[in-house]
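Peer 1: Questions regarding the structure given below will be posed in turn.
The values are calculated or read from the model by the stated rules, or taken from the named source; none is laboratory data. This one's a predicted model, so the numbers in the text were calculated from it and none came from an experiment. Positions of Cβ are backbone-derived with ideal geometry, glycine not excepted, and every protein chain shown enters the neighbour counts.
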Amino acid sequence: QVGQTVTGLSLGLKSLERSLGARDDLLGRVRWLQDLTGSIGREIHRVASDLRPTALDDMGLQAALTAYAQEWQQRTSVKTLVRHGGKADDLTEEVAIAAYRITQEALNN
């Protein structure tokens, strides 16, 4: 629902931009709002992924943790190494999600 609202806002701003024509004073504001809307959309996507990481379904726990650590390393420029022990395939879905979230919290704090 929120994603659809942000998409609607983005489309409305695009329409407003076209209707303003050459009004540079207002076009700058509209473009700033478009950039802000894009940032909000990306943040919503990131938060939704964090709540139920699709990477767990797509790749499994070990690969998802490695991918998250690599993404985090790119964002923060802090070298990150993930070491795996045991068999993650034997974990229940709830435990895998908890392990993923614990890793997120450990990196972010």
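Peer 1: Restricted to segment 15-54, and to residues that are at pLDDT 85 or above and of a type in the set (Gly, Ala, Ser), which residue is nearest to VAL2 (Cα to Cα)?
Peer 2: For segment 15-54, the residue satisfying everything is GLY41.
Peer 1: Please enumerate the residues belonging to segment 8-49 that are over 16 Å from the mean Cα position of the chain (by Cα) and touching a residue at least 24 places away in the same chain (Cβ under 8 Å).
Peer 2: LEU9, SER10, LEU13, GLN34
Peer 1: Hey, another quick one. Looking only at segment 77-91, which residues are without any contact (Cβ under 8 Å) to a residue 12 or more places away in the chain and under 15 Å from ALA106 (Cα atoms)?
Peer 2: Residues satisfying the conditions are VAL78, LYS79, ARG83.
Peer 1: Still on this structure: Among the listed residues GLU94, GLU71, GLU105, GLU43, which satisfies the condition of being within 30 Å of GLY8 (Cβ to Cβ), of a type outside the set (S, T, N, Q) and not assigned by TED's automatic domain parsing to the domain that holds LEU11?
Peer 2: Numbers: GLU94 fails: within 30 Å of GLY8 (Cβ to Cβ); GLU105 fails: within 30 Å of GLY8 (Cβ to Cβ); GLU43 fails: not assigned by TED's automatic domain parsing to the domain that holds LEU11.
None of the others qualify; the one that does is GLU71.
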